[in-house]
Amino acid sequence: MMKKILSYSWLALVALFMYIPVLILVFYSFTDSTTIGAVRGFSLHNYVTLFTLEELRNMIAGTVLLALGAALIATVLGTLGAVGAFYSRPVTRTMIETANRIPVVNADVVTAFSICILLIVVLGVEKNTFIPLVIGHVVLCTPFVYLAVMPKLKQMDNGLYEAALDLGATPFQALYKVVIPQIIPGIVSGFMLSVTLSLDDYFVSTYTKPATFDTISTYVVNATRGAQTEIKTALWALSTVIFLVVILVVVLMNVTASKTAKKQEIPGGERV
């Protein structure tokens, strides 16, 4: 009994440290306060500013489009890489998995600076083309898609793919109609993780973005150095919106996964 109390207390303490700062930000986003600590009246002024100020709207729209585009490309590349590695020889698969772990454990600033040197300095690609920015985000996200898809491939019954080939399907048909449906949860998880990583990234964006373009992360950092008070408080509202959207997406994914699992169950507790 004492162990359960201690474990639940520790869990509650960790949750408080994680969520109290966000909840404080959420609270102040609905007030007229200009600084954290000075509580004023209830107001939706920050949200009005967030959705009516053209500068903020353009920044948010650009960041979301970048995140979705980079995540889509990274999902395709990461999925193909995972499938290719899974059906490769053990030695080749080990080499690919080792190479995939390097960008994951490497510091973002090192990855960002390396991409900057390769694309902008060595190859001479202009930042204004957005090519370095997109490639940088794809490089950042692809290894995580690989890590999300590979476990689903290992859980899959490999006999289904071989059976499809024996029944006359081409390798592409077997991949599209048999393998891909089995690993959809991993692909979706990799895509969502890529979107989150792209939205959150600062170092890759700041090294590769055009001078006239800002993502949410670079804009927030620059705003703390001297932006107008109205913009700073509007960013509290932006943080609240992002937090609520993340909660909504996580809940929907969990509900969908739960419904899918129930549909696969048959009377007696066995699975199809």
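Just so it is clear, none of the values below were taken in a lab; they were calculated from the coordinates. Since the structure is predicted, the reported quantities are computational estimates derived from the model, not experimental observations. Counting neighbours? That spans all protein chains shown, and the Cβs are built from the backbone with ideal geometry, glycine included.
Summary of computed values
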{"quantity": "Nearest-ten-degree value, helix 131-155 long axis tilted from longest Cα axis of the chain", "calculated": "50"}
{"quantity": "Simple Cβ-charge dipole of the stretch 18-135, Lys/Arg +1 and Asp/Glu -1, about Cα centre, in debye nearest 20", "calculated": "360"}
{"quantity": "Least to most buried among 137, 45 (fewest other Cβ within 10 Å first)", "calculated": "45, 137"}
{"quantity": "Estimated dipole of the stretch 54-227 in Debye, rounded to 20 [Cβ of Lys and Arg +1, of Asp and Glu -1, Cα centre]", "calculated": "220"}
{"quantity": "Computed lengthening from residue 97 to residue 38, 0.36 nm per intervening residue step minus Cα-Cα distance", "calculated": "16.1 nm"}
{"quantity": "Lys/Arg +1, Asp/Glu -1 at C-beta; the stretch 54-227 dipole; positive extreme among 78, 192, 133", "calculated": "78"}
{"quantity": "Convex hull volume per residue for the chain, taking Cα atoms only, in Å³", "calculated": "216"}
{"quantity": "Calculated FRET efficiency for the pair residue 254/residue 173, C-beta based, R₀ 35 Å, to 0.05", "calculated": "0.60"}
{"quantity": "Selected from 184, 36, 115 as most flexible by GNM, with the chain as the system and alpha-carbon contacts under 10 Å", "calculated": "36"}
{"quantity": "Label zone at residue 122, where the point sits 7 Å out along the Cα-to-Cβ direction: the stretch 70-107 residues whose backbone N lies under 16 Å", "calculated": "103"}
{"quantity": "Most fluctuating residue given options 258, 217, 88, as computed from a GNM of the chain linking Cα atoms under 10 Å", "calculated": "258"}
{"quantity": "Anisotropy class of the stretch 64-109 from Cα gyration tensor, a/c 1.5 cut", "calculated": "oblate"}
{"quantity": "The stretch 54-227: relative contact order in percent, alpha carbon pairs under 8 Å with at least 6 residues between", "calculated": "38"}
{"quantity": "Simple spin-label estimate for residue 107 and residue 19 in nanometres, 7 Å along Cα-Cβ", "calculated": "3.4"}
{"quantity": "Net dipole in debye of the stretch 102-192 [+1 Lys, Arg Cβ; -1 Asp, Glu Cβ; about Cα centre; nearest 20]", "calculated": "120"}
{"quantity": "Ranked packing of 185-197, 201-213, 141-153, most packed first, by mean Cβ within 10 Å", "calculated": "141-153, 185-197, 201-213"}
{"quantity": "Under 30 Å, Cα to Cα: Lys pairs in the chain, sequence gap 8 or more or different chains", "calculated": "15"}
